[in-house]
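Structure first, commentary second.
The values are calculated or read from the model by the stated rules, or taken from the named source; none is laboratory data. Keep in mind it's a predicted model, so treat the numbers as computed, not measured. Cβ atoms come from the backbone with ideal geometry, glycine included; neighbour counts cover every protein chain shown.
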Amino acid sequence: MLTGKVAVITGAASGVGRATSLLFSRNNSKVVGVDLNHRGLEETAELIRAQNGEILPVTADITSKDDVEAFTAKALDIYGKIDILANIAGIALNTNFLEISGSEWDKVMAVNLKGSFFCAQAIAPHMMKQKSGKIINVASMAGKAGAVVAGIHYSVSKGAVITLTKCLAKKLAPYGINVNTVAPGPTETEMLMSFTPRERDAMKSHIPLKRFGKPDDQAHGILFLAGPHSDFITGATLDINGGIVMD
Amino acid sequence: MRLKNKVAIVTGGGSGNGQGIAWGLSKEGAKVAVADLNLDGAQYTVSEMESEGLALKADVAERAEVENLLKDVLSRFGKVDILINNAGMALMQPFMEVDDELWGKTLRVNLTTTFVCSQVTAKQMIQDGGGNIICVSSIGGIRPLPPMSHYCAAKAGVILLAKTMALELAPHKIRVNAIAPGIIETPATRIRTQDPERREKYLANVPLKKIGAPADLVGTIIYLASADSEYVTGEVIRIDGGWAA
């Protein structure tokens, strides 16, 4: 589905980012895998090479505009183009509302929102020049329903990602660039493991499809939005959440 | 071939979006039963299919006709995995001039068809241990579109019907989702989309500056009908070039 495409995938070291990198690679995309977690990134790279895929692993901090511009330039230098940006990197902190510090608020906003913004800002000019591109941002059911999982800062950052998508979609549509959001429900990743077993069971009982999402569920949604089957879709949010939040 | 050996029913498959969807499903290996009031249209759709098809004449708002339709599908194909509630109609009429007949007909062809077909088919799907229902709503089910208040009401109804079905049928392993197309050019809408003044007005609202075609809906239908979306239910996917963003 993605033969000949070059995809920048942030958060590639684990969870949904890793699953997406592997799935994209199986669909013949070249992957630029970005993460702060160097070791996880190397593991992802090994997995991709083991299935004969091609990956350029980049250890970088997406909250740093300099880092983002540097890896964008590197990717363009090596591959000559970028067709897809999947902003998957994110953090979920569970801090109680009354205890969230200013610096923790800033950190969550920086990784979840500003990082996606910086990546879009750096890569969009190239997509605009080539008059094509696909950007997929990752929000969360928390960004719609608020406070269903993790802290308020997490929900707010993810809600803002949905708005970011709409703005980018409208700005970049004249250049043939599609921008959409995937909003995961509770997904089996390290993030979910940070909750207690009781919290996890409580969550599962509320899910109509009675299971947690797998990283692959999200990866398939991201693939759908990255490929040619969704060319007429932009500014939309795709909820992949087992039916737990319907709005 | 993501739908190999699956059996799908497409209502209103004799033309336009339904036809495009039927062809798209068949390209992915599904056997497709095409139901339409217009048998000629259904037969034409089937004749152009890449896989096995079955053309059936039916008024899919009529329970007895839908039950017969399902009987024919089961007799021919043995099962039903996917139902595409595509039958619909869209006539423009300023709100103050909508008469009882147009109101009733619009609800009947868009919403009642979805209800009857879903209920009849779900009964079989429950027996068989699961299934997949996709309802065709519209951007008009999400945003007001004068002068189509009757249509918007019906299409909005389709969305909440789909979501409620999703919750009630989840225990039976049936996923229910909806698509909300924007302006799509079909034989039914061509008179509007080809009118230069109207066309310009439509395009002004669409960020991607394009009028859609039935083929633009296929990719999303395949995603929702296949195992790729197995964690998606109660969802409405807008296919509108960014109009309702």
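A few remarks follow.
- Boolean, residue B:245 is modelled with pLDDT under 95 and surrounded by 18 or more Cβ atoms within 10 Å (Cβ to Cβ): yes
- Residues being within 7 Å of chain A (Cβ to nearest Cβ), more than 16 Å from residue B:166 (Cβ to Cβ) and touching a Lys or Arg at 6+ places or on another chain (Cβ under 8 Å) - total across region B:223-245: 4
- Looking only at region A:186-221, and only at residues there that are of a type in the set (Lys, Arg) and closer than 14 Å to residue A:242 by Cβ, the one that is farthest from the other protein chains (Cβ to nearest Cβ): A:200
- Pair list, Cβ under 6 Å, 6 or more apart: region A:231-245 residue within 7 Å of chain B (Cβ to nearest Cβ) and more than 21 Å from residue B:184 (Cβ to Cβ), other residue among the charged types (D, E, K, R) and outside any strand (DSSP E or B): A:239/B:235; A:240/A:217
- Failed condition for residue B:208, given (1) facing chain A (nearest Cβ under 9 Å); (2) modelled with pLDDT under 95: (2)
- Selection from region A:151-191 of residues that are touching a residue at least 40 places away in the same chain (Cβ under 8 Å), of a type in the set (Ser, Thr, Tyr) and more than 17 Å from residue A:89 (Cα to Cα): A:175
- Here residue A:58 fulfils each of the conditions (1) under 12 Å from residue A:12 (Cβ atoms); (2) part of a loop (DSSP other than H, G, I, E, B); (3) touching a Lys or Arg at 6+ places or on another chain (Cβ under 8 Å); (4) hydrophobic (A, V, I, L, M, F, W, C) apart from (2).
- Of the criteria (1) at the interface with chain A (Cβ under 7 Å from one of its Cβ atoms); (2) β-branched (Val, Ile, Thr); (3) surrounded by fewer than 21 Cβ atoms within 10 Å (Cβ to Cβ), which one residue B:193 fails: (1)
- Among the helices (runs of 4 or more DSSP H) confined to region A:99-175, the ones with at least 3 residues that are away from every other protein chain (no Cβ under 14 Å) and modelled with pLDDT of 95 or more are located at A:102-109, A:115-130, A:152-172.
- Residue match in region A:32-51 (condition: among the hydroxyl-bearing types (Ser, Thr, Tyr) and in a loop (DSSP other than H, G, I, E, B)): no
- Summed over region B:91-119, residues that are of a type in the set (Val, Ile, Thr) and not in a helix (DSSP H, G or I) total 1.
- The number of residues in region A:192-213 being under 21 Å from the mean Cα position of the chain (by Cα) and either of a type in the set (Val, Ile, Thr) or under 24 Å from residue B:162 (Cβ atoms) (or both) comes to 2.
- Qualifying helices (runs of 4 or more DSSP H) (wholly inside region B:120-228; at least 2 residues being touching a residue at least 40 places away in the same chain (Cβ under 8 Å)): B:149-169, B:215-225
- Index of the failed condition, residue B:179 passing every other in (1) within 11 Å of chain A (Cβ to nearest Cβ); (2) farther than 22 Å from residue B:89 by Cβ: (2)
- Within region A:77-90, being surrounded by fewer than 17 Cβ atoms within 10 Å (Cβ to Cβ) and within 14 Å of residue A:129 (Cβ to Cβ) holds for A:80, A:81.
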